[in-house]
Each structure stands twice: as structure tokens, then as C-alpha cells.
Amino acid sequence: MTALISLMGVITISLIVVRVGTVALTMTGLSRQIARFQAQSAFSGVGFTTSESEHVVNHPARRQIIRVLILLGNAGIVSAITSLLLSFSTAENTGEQLFRLGIIAVGLLVLWRIAHSDWVDRHISKLIRKALLRWTQLRVYDYEQLLKVRSGYVIANLLVEEHEWLVNRKLSELQLNHEGVLVLGVERKDGTYIGAPRGATMLYPGDTITCYGREEALRQLSERPAGSKGEKQHQLAMIEQELIMKKEQQENEPDE
């Protein structure tokens with residue numbers, strides 16, 4: 001039973017480590033989607049050979065995060081395999097082995113539900129971000145000073161994928177500026193980079209766009225689906241941005 005507890009503990013710690021790595025990578029400017037994939041790939045040692053990984057390892061802070069994830073991932077995988085083998089090798093009969101297998105299955109199901117809970121994700125990510133801001137220096141301070149980034153505003157890279165609201169559309173058609181989002185650059189799948197893109201610039205699957213705006217607005221944009229649902233979210237985002245601008249204008253008005 002001790003081996004089973006150790007196995008569940010190793011898996012839980014592994015999930016937390018990947019979550020910390022994801023938040024840390026987003027703080028360096030990566031979108032949440034790309035950061036999650038790169039953190040999972042580095043920790044598991046699988047899939048960390050994509051073209052996106054080149055942008056990660058060429059960045060000093062991201063390279064350090066990935067290095068730590070790889071080291072912890074190797075240790076975690078070895079520990080998990082060892083605990084799994086011990087949990088079955090110490091069983092006295094087949095019935096006990098099946099019982100332990102059931103416990104593992106239930107434990108994995110519970111951890112999976114917790115890991116995919118939006119409420120848990122939101123609160124844990126907030127705690128991790130606060131801890132990283134306090135104990136590390138992960139933010140890209142040169143960009144913050146240059147663009148006068150204040151609390152809540154970030155620079156992030158968003159990957160354009162199939163079946164997303166952004167794909168196969170011109171920037172002028174998307175009207176991202178009405179959501180408070182500025183597109184600073186577009187990198188094509190073949191590595192071609194378009195700086196300060198104009199409204200006629202099309203976005204294709206595999207493009208990576210560098211955006212500046214409110215963190216929450218960029219997060220919603222990265223998860224926006226195609227079709228009527230995406231258009232509805234776009235309309236709501238524009239209304240929200242208009243309210244924010246009115247509020248900021250009122251706050252900046254001099255007192256009479």
C-alpha cells in the first residue's frame with residue numbers, strides 16, 4: 001500500500017510541476033496553449049522537437065525552465081515506474097493485484113478530473129503566478145519598460161490553428177484592436193516574419209502572432225473557436241473593451 005501512495009504522490013507532484021512550468025513559460029510571453037504543450041513535452045520527453053521548441057530554447061529564461069522540467073521529468077518517470085512495479089510485486093495474489101489496479105485507476109480518474117477542472121486551474125495558476133512573481137525574475141522586463149506594460153497587460157505569442165476563429169482571415173476583418181489587442185508581428189509556418197503587419201495580412205494555420213493586450217483578452221482569443229460561437233465571443237469582447245476604456249477615461253479625468 002505504501003508503494004501505491006508513493007505512486008499517487010509522484011503523479012500528483014508531476015502534475016503540479018507541469019502546471020508550474022506552464023505558468024512560468026506564459027510569464028515569458030508564450031501563449032497558454034503553447035506553454036502547456038512545451039511544458040508537457042519537456043517533462044515527458046516526448047514531442048519536444050517541434051519548430052516551436054526552437055523559439056523556447058533560444059530564450060534564456062525559457063531555456064532554464066525547460067531544463068528544470070526535463071530533469072524533474074526524468075526523475076519523476078523513474079520514480080513512477082519504480083513505485084508501480086513495487087505496488088504489484090508486493091501483492092500476495094492475483095486478487096490483491098486487481099484490487100490495487102482498481103485503486104490506481106480510481107486515483108488516476110480523480111487526478112484527471114482535478115487537473116481538468118477550470119476552477120482548480122484558475123485558482124492554482126493564480127497562486128503559482130504570485131509565487132513566481134515573488135520568488136523569481138521570469139518576466140521580460142525590457143519589453144515591459146519599452147511598452148510600458150502595467151499590471152494585467154502582457155505580450156504573448158498565439159498559435160493559429162485549424163478550426164479557430166483567427167484562421168484564414170485578414171487582420172482588418174478580425175478587428176482585434178476593438179478588443180484592445182494589438183498584433184505586433186506574424187511569423188509564418190516556414191519561418192517568414194512579418195513585422196508590424198497591416199490590415200491586409202492574412203492569418204493561416206501554423207502562424208504564430210505576437211500580440212499585446214490585456215492578459216485575459218489574449219487568453220480568451222487563444223481559445224476562441226470558429227463559427228457563430230467565436231463571432232459572439234468577439235462581439236462580447238468588443239463590448240467589454242469599450243466598457244474598460246470608458247472606465248479608464250473616467251479615472252484619468254482631472255477632478256474639477
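Quick notes
- Of all residues in the range 161-186, those that are in the same structural domain as G213 (by TED's automatic domain parsing) have Cβ atoms under 7 Å from Cβ atoms of residues that are part of a loop (DSSP other than H, G, I, E, B) and of a type in the set (S, T, N, Q), 6 or more apart or on another chain, in K170/T201; L171/T201; V186/T201.
- In the range 158-202, the residues that are part of a strand (DSSP E or B) and touching a helix residue (DSSP H, G or I) at 6+ places or on another chain (Cβ under 7 Å): L158, L159, V183
Here's the yes/no breakdown for (1) modelled with pLDDT of 90 or more; (2) among the aromatic types (F, W, Y); (3) surrounded by fewer than 17 Cβ atoms within 10 Å (Cβ to Cβ):
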site: Y141; (1), (2), (3): no, yes, yes
site: E144; (1), (2), (3): no, no, yes
site: E164; (1), (2), (3): yes, no, no
site: L174; (1), (2), (3): yes, no, no
site: R188; (1), (2), (3): yes, no, yes
site: Y193; (1), (2), (3): yes, yes, yes
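- Residue pairs meeting the criteria (Cβ under 7 Å; at least 6 apart or on separate chains; first under 17 Å from I5 (Cα atoms), in the range 67-88; second among the basic types (K, R)): S87/R100; F88/R100
- Elements of type helices (runs of 4 or more DSSP H) in the range 23-95, at least 1 residues being at pLDDT 85 or above: 32-44, 60-89
- Every pair of residues 6+ apart whose Cβ atoms lie under 6 Å, when the first sits in the range 7-35 and is free of Cβ contacts under 8 Å to residues at least 24 places away in the same chain while the second is among the polar types (S, T, N, Q) and assigned to a helix (DSSP H, G or I): A35/T22; A35/T26
- Residues in the range 198-220 that are in contact (Cβ under 8 Å) with a residue 60 or more places away in the chain and either in the same structural domain as I34 (by TED's automatic domain parsing) or in contact with a Ser or Thr (Cβ under 9 Å, 6 or more places away or on another chain) (or both): T208, E215, L218, R219.
- Tabulated pairs, the range 223-250, first on the phi > 0 side of the Ramachandran plot, second assigned to a loop (DSSP other than H, G, I, E, B), C-beta under 9 angstrom, 6+ apart or interchain: G227/H163; G227/W165
The values are calculated or read from the model by the stated rules, or taken from the named source; none is laboratory data. Note that this is a predicted model, so its numbers are computed, not measured. Note that we place each Cβ from the backbone using ideal geometry, even for glycine, and neighbour counts take in every protein chain shown.
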